[in-house]
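The values are calculated or read from the model by the stated rules, or taken from the named source; none is laboratory data. What you are looking at is a predicted structure, and each value in this text was computed from that prediction instead of being measured. Using ideal geometry, Cβ is built from the backbone for each residue, glycine included, and neighbour counts are taken over all protein chains shown. All accessible areas refer to the heavy atoms of the entire protein, side chains included, with ligands and DNA or RNA removed. Shrake-Rupley method; radii C 1.70, N 1.55, O 1.52, S 1.80 Å.
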There are 4 protein chains.
Amino acid sequence: MPESPRTRTSARIQDAAWEIFSERGLPGVTMEAIAIRAGVAKTTVYRRWPTKSAILIDALKERLAPLVKFPQEGTVRDDVVAQIEAVIDLFGSRTGRAYLALIAESVHDPDVGTALRERYIADQREAAILRLRIGIDHGELASRTDPEILIDSLYGALYYRVLVAHVPLDRAYATRLVDSIWPVA
Amino acid sequence: MPESPRTRTSARIQDAAWEIFSERGLPGVTMEAIAIRAGVAKTTVYRRWPTKSAILIDALKERLAPLVKFPQEGTVRDDVVAQIEAVIDLFGSRTGRAYLALIAESVHDPDVGTALRERYIADQREAAILRLRIGIDHGELASRTDPEILIDSLYGALYYRVLVAHVPLDRAYATRLVDSIWPVA
Amino acid sequence: MPESPRTRTSARIQDAAWEIFSERGLPGVTMEAIAIRAGVAKTTVYRRWPTKSAILIDALKERLAPLVKFPQEGTVRDDVVAQIEAVIDLFGSRTGRAYLALIAESVHDPDVGTALRERYIADQREAAILRLRIGIDHGELASRTDPEILIDSLYGALYYRVLVAHVPLDRAYATRLVDSIWPVA
Amino acid sequence: MPESPRTRTSARIQDAAWEIFSERGLPGVTMEAIAIRAGVAKTTVYRRWPTKSAILIDALKERLAPLVKFPQEGTVRDDVVAQIEAVIDLFGSRTGRAYLALIAESVHDPDVGTALRERYIADQREAAILRLRIGIDHGELASRTDPEILIDSLYGALYYRVLVAHVPLDRAYATRLVDSIWPVA
DNA sequence: CATTAATCGAGACGGTACGTCAGGTCTTTCT
DNA sequence: AGAAAGACCTGACGTACCGTCTCGATTAATG
């Protein structure tokens, strides 16, 4: 791990962006404020990232692990419940709020959408679908199950409650959700 | 219908906002641009709406009917499929894009969220849940069905594909979706 | 004289520009610094003047009187000497330095040149030539005298010493100069 | 003439500066642009000249000969007219414009003024004054003639028309000028 | 001949200023 | 009096150059 000055500067910028987001939300995150907080010239920021969103997307790299990883430890059903609980936890955290703010941003800015999908969402979907397929192969799920749609429904319900309906979302919801729409084998 | 000058001005402002949205998307919609396009002073706009989002929300009033109404013409299942198809159609239209853009905006601006929910989303959820309850009462749906969660899953899947996963969404998806997660009676 | 707020703001901007020029010279005069010093938004400055030079040109309006006026009190020769002394005095003053700095600026910026000529230089030349013509009519100057060229030589010598040769220029020079090239009647 | 790589690089830089000046004027000449055009690192430029003006001053070395040389071939009067014509020609050329641009620059930057005077202007004045003195010695000019002031007036008129009054200046002006202010012997 | 020293290119860096845009507020003007 | 018009301050935008700096990669001269 070389810890070059370049690396350090990039880290300072990402940290600054993250701090400002924590304090003032996405609208408060401006290139100007990031540069000042990081003790860096504005040009230096622009030299490395084209937009504030890009900085935050990078800053989320490690923190978004729970979104992407998918447990494979028990039955499919248990694993799915566990994963949904993890996502619910995430959505309740500051990291989750940042992630959701960027999702919102992606509606206006295609680049943000592309970056998010390439970095997190695509992997997440793949991991989830893969887990379901294994479940089907093991006979835990009906063979006629459409994994893609099951994922849409499960994750969709979460995003929907948080982004659209603004309805409370707690860990207990995970079981209720899975119980409700689980395809009987 | 009085058609007072005040009414006319408000209409001009809403039309201007809508036109600009159509041409340049939500980021292009600024109070400044609206005022110019409507041929009106910026103060006049501010006197009637606090934000550009508020203008658009009002401008959507009539156009968002398909989101809110829920058919009650055939079996629950048929009605649900029909409604989902209507929403998919909406999401493909300019009106739908405006609506989704406002959903995104609501992540940063609580007022937008509140307005959207009070005006459209709450009614939509209620109408949907009501329809499902009738279905349960008629024995078309298992009595243990949780209507709220079913709605979360159905609508959620749509929003998820459009807002998050950016995956194609066509009318055919409606049947696939309902087939997949429909609770057997 | 209404002393409207608009007038006051403009005065504050001009004063600020002038102060900064006095302290740091023309390169130190930036739109940014003017706005700050005047306690005014940068946009307000831009709304009224397109460039810093334009502000200074306006700020010189009253101060540049000695450049433009031409005495008509004694003989032509005495009046010419008096006027040249006035210009020499001017060149030694802060106002003169500002004026010369703008002359220099005009080499790069045609607008500055045009403004300076329309406001000051043209009038100055006219007044001078007029005075000489009167002298010719009164028989104080040879009838074959070319007033334009005489003015070029007299004023030219001053500008040349100050701008080009950087050679000392004091009041005594006025007499020496006139004595040297005065066309005998 | 060794034509070392060092020499070649310096030449490339000067050429680049000159080309850019020709295309975009002095404001377009930036250290950055020079370095790029010369295919050289910015550091290399800075290592050899402190400012862009210094580069241009050096680049003018050979081209400014007509400003400095003074003919001594006919009568003083003829030589003076010839020299003034040469300067008028120069002022009409690209080289002249560069020279005048640097004169203007010298108002803000003392170093430029010093360099110009040490390299060109002082020599020019000396040569001119010398020529006049010879004329006085030969009885071609009145002994009471003040050569310095005569030079101020003659050259001054030219600079004045070009820099200040922005009045046309052609070869014919040379004779008119000399005829007007020539001190009768 | 090998090593040292100088010089080069490349380009990142902290800065300053640019000129513009939009946000909201506040004053003036008119009806 | 009450609405419309538009000037105003604020703050962020993204860009251009500034002059300094570190970093290897070449060259050149020296030991």
Exercise. Determine if region C:101-117 includes at least one residue that is away from every other protein chain (no Cβ under 13 Å) and within 17 Å of the chain's Cα centre (by Cα).
Key: no
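Restricting attention to region C:63-72, does a residue exist that is within 14 Å of another protein chain (Cβ to nearest Cβ) and either surrounded by fewer than 20 Cβ atoms within 10 Å (Cβ to Cβ) or in contact with a Cys (Cβ under 8 Å, 6 or more places away or on another chain) (or both)? Lay out the reasoning, then the answer.
Of the residues in region C:63-72, the ones within 14 Å of another protein chain (Cβ to nearest Cβ) are C:64, C:67-68.
Retained after the next criterion (residues that are either surrounded by fewer than 20 Cβ atoms within 10 Å (Cβ to Cβ) or in contact with a Cys (Cβ under 8 Å, 6 or more places away or on another chain) (or both)): C:68.
Checking region C:63-72: at least one residue is within 14 Å of another protein chain (Cβ to nearest Cβ) and either surrounded by fewer than 20 Cβ atoms within 10 Å (Cβ to Cβ) or in contact with a Cys (Cβ under 8 Å, 6 or more places away or on another chain) (or both).
Determine whether residue D:60 is within 14 Å of chain C (Cβ to nearest Cβ) and crowded, with 17+ Cβ neighbours inside 10 Å.
Details: within 14 Å of chain C (Cβ to nearest Cβ): no; crowded, with 17+ Cβ neighbours inside 10 Å: yes.
So residue D:60 fails the test.
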Practice problem: State whether the residues of region B:78-100 include one that is within 12 Å of chain A (Cβ to nearest Cβ) and open to solvent by 30 Å² or more (accessible area, probe 1.4 Å). | Solution: yes
Exercise. Just name the residue that is nearest to the chain's Cα centre (by Cα) out of those in region A:118-139 that are among the acidic types (Asp, Glu) and closer than 18 Å to residue A:84 by Cα.
Key: A:123
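Hey, which of the helices (runs of 4 or more DSSP H) in region D:27-99, taking only ones fully inside, have at least 1 residues that are among the acidic types (Asp, Glu), more than 16 Å from DNA strand E (Cβ to nearest atom) and touching a residue at least 12 places away in the same chain (Cβ under 8 Å)?
Values: elements: D:31-38, D:42-48, D:52-59, D:65-68, D:76-92.
In region D:27-99, D:76-92 are the helices (runs of 4 or more DSSP H) which contain 1 or more residues that are among the acidic types (Asp, Glu), more than 16 Å from DNA strand E (Cβ to nearest atom) and touching a residue at least 12 places away in the same chain (Cβ under 8 Å).
Kindly establish whether residue D:23 is more than 23 Å from residue D:126 (Cα to Cα), away from DNA strand E (no atom under 16 Å from the Cβ), open to solvent by 30 Å² or more (accessible area, probe 1.4 Å) and in a helix (DSSP H, G or I).
Values: more than 23 Å from residue D:126 (Cα to Cα): yes; away from DNA strand E (no atom under 16 Å from the Cβ): yes; open to solvent by 30 Å² or more (accessible area, probe 1.4 Å): yes; in a helix (DSSP H, G or I): yes.
Answer is yes for this residue.
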Quiz item: With respect to the numbered conditions (1) crowded, with 19+ Cβ neighbours inside 10 Å; (2) modelled with pLDDT of 95 or more; (3) under 28 Å from residue D:96 (Cα atoms), which one is the sole condition not fulfilled by residue C:114?
Solution: (1)
Quiz item: Can you tell me which residue in region C:40-54 is farthest from DNA strand F (Cβ to nearest atom), limited to those that are more than 18 Å from residue C:19 (Cβ to Cβ) and away from every other protein chain (no Cβ under 14 Å)?
Solution: C:50
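Looking at region B:126-185 only, could you name the residues that are basic (Lys, Arg), facing chain A (nearest Cβ under 8 Å) and over 22 Å from residue A:184 (Cβ atoms)? Full working, then the answer.
Taking region B:126-185 as the starting set, the residues that turn out to be basic (Lys, Arg) are B:131, B:133, B:144, B:161, B:171, B:176.
Then drop every residue that is not facing chain A (nearest Cβ under 8 Å), which leaves B:161, B:176.
Answer for region B:126-185, where residues must be basic (Lys, Arg), facing chain A (nearest Cβ under 8 Å) and over 22 Å from residue A:184 (Cβ atoms): just B:161.
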Quiz item: Looking at this structure, is residue B:178 more than 19 Å from the chain's Cα centre (by Cα) and open to solvent by 60 Å² or more (accessible area, probe 1.4 Å)?
Solution: no
Exercise. Go through the residues of region C:31-41 one by one and say whether even a single one is open to solvent by less than 40 Å² (accessible area, probe 1.4 Å) and either under 30 Å from residue C:134 (Cβ atoms) or not hydrophobic (A, V, I, L, M, F, W, C) (or both).
Key: no
Practice problem: Find the residue count for region A:51-87, including only residues that are under 11 Å from the mean Cα position of the chain (by Cα) and of a type in the set (Val, Ile, Thr). | Solution: 3
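For region C:100-116, which residues satisfy the criterion of being in a helix (DSSP H, G or I) and not small (Gly, Ala, Ser)? Don't jump to the end; show me each part of the working.
Initial filter on region C:100-116 (in a helix (DSSP H, G or I)): C:100-108, C:110-116.
C:100, C:102, C:103, C:105, C:107, C:108, C:110, C:111, C:112, C:114, C:116, listed by residue number.
Filter the helices (runs of 4 or more DSSP H) completely within region C:120-185 down to those with at least 1 residues that are at positive phi and not basic (Lys, Arg). Steps first, please.
On the way: elements: C:122-137, C:147-159, C:172-181.
Once the helices (runs of 4 or more DSSP H) in region C:120-185 are filtered for at least 1 residues that are at positive phi and not basic (Lys, Arg), nothing remains.
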Quiz item: Which residues, counting only those in region D:136-164, are at pLDDT below 95 and crowded, with 22+ Cβ neighbours inside 10 Å?
Solution: D:141
